[in-house]
Amino acid sequence: MLQSWRKPAKLFSDFNTLQFAGVMGIVLFAILALFMVETQPHHRKVIPVDMPKIGHPVSMRDADREDAMIVSVTRDGKIYFGGDQVDTMALRVKIADHLKDHSVERKVYIKADMRARWGVVKEVLDSVRSAGLMRVAFLVDQRRSVALHM
């Protein structure tokens, strides 16, 4: 007798695709905007230099800073300060200009190609010293050692 007055349960299914598409569009736009802000390319131009490889390098985390003074010496003897090609006189002037800002680190990082002539690297060192800096660090790569197990 109880079953006669009870109606069977009906499934209720209503899905508004227009509202769903609107919400998903807003979510995708927010994610896209977040990644565009987070991954802005650095304006630092990377100069391809084949750096020397050593066994036990010391980590130079400050060389990755935006305001780090990086001087690159290529195999053919060209000198770059940041991404701009310079000569030794212009290098001295650019370093002195950077030193006017007291918030920059008082250190120059040199990326010299392992096949660059020592005379060019010595001229760069002389320019750095004449600009008033004594703290110089050479950037290198770590040599990969192959262990033989017998």
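The values are calculated or read from the model by the stated rules, or taken from the named source; none is laboratory data. The structure presented is a predicted model; accordingly, all values stated were derived computationally and were not measured. Cβ coordinates were reconstructed from backbone atoms using ideal geometry, including for glycine residues, and neighbour counts include every protein chain displayed.
Give the range 88-125 a look and list any residue that's surrounded by fewer than 12 Cβ atoms within 10 Å (Cβ to Cβ) and closer than 17 Å to Ala63 by Cβ, or say none.
Passing the criteria: only Ser103.
Collect the residues in the range 85-105 that are modelled with pLDDT of 90 or more and in contact with a helix residue (DSSP H, G or I) (Cβ under 8 Å, 6 or more places away or on another chain), keeping them in residue-number order.
Val86, Thr88, Met89, Leu91, Arg92, Ile95
Could you go through the range 42-64 and let me know if any residue there is assigned to a strand (DSSP E or B), within 21 Å of the chain's Cα centre (by Cα) and hydrophobic (A, V, I, L, M, F, W, C).
no
In the range 123-150, what residues are at pLDDT below 90 and of a type in the set (Asp, Glu)?
Residue satisfying the conditions is Asp141 alone.
Go through the range 67-86 and report how many residues are without any contact (Cβ under 8 Å) to a residue 24 or more places away in the chain and of a type in the set (Lys, Arg).
Residues that pass the stated criteria total 1.
Of the residues in the range 35-53, how many are surrounded by 10 or more Cβ atoms within 10 Å (Cβ to Cβ) and either in contact with a strand residue (DSSP E or B) (Cβ under 6 Å, 6 or more places away or on another chain) or modelled with pLDDT of 80 or more (or both)?
6
Are any residues in the range 54-74 surrounded by 15 or more Cβ atoms within 10 Å (Cβ to Cβ) and either among the charged types (D, E, K, R) or over 23 Å from Arg143 (Cα atoms) (or both), and if so, which ones? Reasoning before the result, please.
Our first condition is that a residue be surrounded by 15 or more Cβ atoms within 10 Å (Cβ to Cβ); within the range 54-74, this holds for 57, 63, 68-74.
Passing the criteria: Ala68, Met69.
Please find, among Leu28, Leu11, Leu18, the residue that is exposed (fewer than 10 other Cβ atoms within 10 Å of the Cβ) and modelled with pLDDT of 85 or more.
None of the other options fit; the residue is Leu18.
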